[in-house]
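Working notes for the structure below.
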Amino acid sequence: MGCAHGKCCNRDSSTSDEDAGHHQRGIRPYKNKDGLTQRSLELVHVPSHNFTLQYSSLTQHGFYPDTTDRENQDSFCIKTQIQGNPNVHFFGVFDGHGQYGAQCSNFVKDKLVEILSSDPTLLDDPLKAYNSAFLATNSELRDSEIDDALSGTTAITVLVVGDTLYVANVGDSRAVIAVKDGDRILAEDLSVDQTPFRKDEYDRVKLFGARVLSVDQVEGLKDPDIQHWGDEESHGGDPPRLWVPNGMYPGTAFTRSVGDSTAEKIGVIAVPEISIVRLTPSHLFFVVASDGVFEFLSSQTVVNMATAYKDPSDACTAIAGDSYKRWLELENRTDDITIIIVQIKGLSNQSGVGTTDSEVHSRPCQTGGSMNQSAAIVPPLMHQRPLESDVG
């Protein structure tokens, strides 16, 4: 969910080695596999803990009736053996927005992994390297020829280092992991959407002078003094957004992103929140996807669907197709949809003992309108009990 008019208020790829950022134009509404760009099933071994990652990815161009030639603003990156190390692998999804959203997402998906790959401290201090890479990427985008004043991208990324996942998030895309719990398979969110629905994010952007209002409030249809919008899952199509003090822009529905130099002045920052997970045999697979997937599908529903397929390629197709159809049922358009599914095969207790690492968590220090530019380390949402109707 981006800015007020579609993905951004002023709404109007590159491919190399293991990277992919694809787009298609002028597609018809979803029917079978029309309009999908998909990579075949691939796998990579993690020798340090003797298990295998089996993965596939897919991107679906959104359907916009009034702009059928609009680019797919999503991109994704899969890069194995970072720094030539067979135990280090990267998976990321980038959801662009604004007039130059496609350029922003493709720039960031290339630059972020490039900076990570060239950082000699990556394996010694992954948290510091991750944080530095996001901030450096944001700075390089600012200095590039791309106009990021009202354009940018979210980023949800997973760095696999041996049997540990480092999940860095900026924006409202999402990563989720499937956890076997007895005879059930539960969805555990690895990231927390950064939107004004979160009180901590709401309070932070208010310190920067942001007005937080829905479109109806900005347009005078609802009382702007009411600063309660319910929760993100049940709110519907008019969420709280960020506006400059005396203007009708930028209208971002997220509180963090890469780019968006105008929104940065009211607290939209590129500082990632990072969670850490030590893998165990109970972890079956993880999903990295843009909010085009999660707009109308819960994390548990996505995990249920992925569980039903042996091949992650088939799971990607099914989830993207269901997301696309739900968009068309509930809106007059669809968002771009991108998903990566990574299955964890052959990890045993002897491979590496550990549990979800949730004891390391903090928030960036805040003082007045300034912010310490360091990563926020947040725990994954621990084994949230879903509704019985959601559990397969």
message = Projecting each Cα onto the charge dipole of the stretch 60-138 (Lys/Arg +1, Asp/Glu -1 at the beta carbon, about the Cα centre), which of Gln103, Ala133, Phe63 comes out farthest on the positive side?
response = Ala133
ask   = Label-point separation (nm) for Met248 and Asp225, each offset 7 Å from Cα along Cα-to-Cβ?
value = 2.4
Filter on Lys180/Lys325; Lys199/Lys265; Lys180/Lys310 - keep pairs with C-alpha separation over 27 Å = Lys180/Lys325
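For the stretch 195-253, rounded, prolate or oblate, judged on the Cα gyration tensor with a ≥ b ≥ c (square roots of eigenvalues), a/c < 1.5 rounded, else prolate if a/b > b/c?
oblate
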Only Lys, Arg (+1) and Asp, Glu (-1) charged, at Cβ; the stretch 195-253 dipole about Cα centre in debye = 280
key: FRET efficiency for Asp143 and Lys199, using Cβ-Cβ distance with R0 set to 30 Å, rounded to 0.05   = 0.30
message = Along the Cα→Cβ direction, 7 angstrom out, place labels at Lys180 and Asn50. What is the inter-label distance in nm?
response = 1.8
note = For Asp69 and Arg278, extending 7 Å from Cα along the Cα-Cβ vector and measuring point to point gives, in nm, a value of 5.6
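Just so you know, all these numbers are worked out from the coordinates, no wet-lab data involved. Keep in mind that this is a model prediction, so the values were computed, not measured. All Cβ positions, glycine included, derive from the backbone under ideal geometry; neighbour counts span all protein chains shown.
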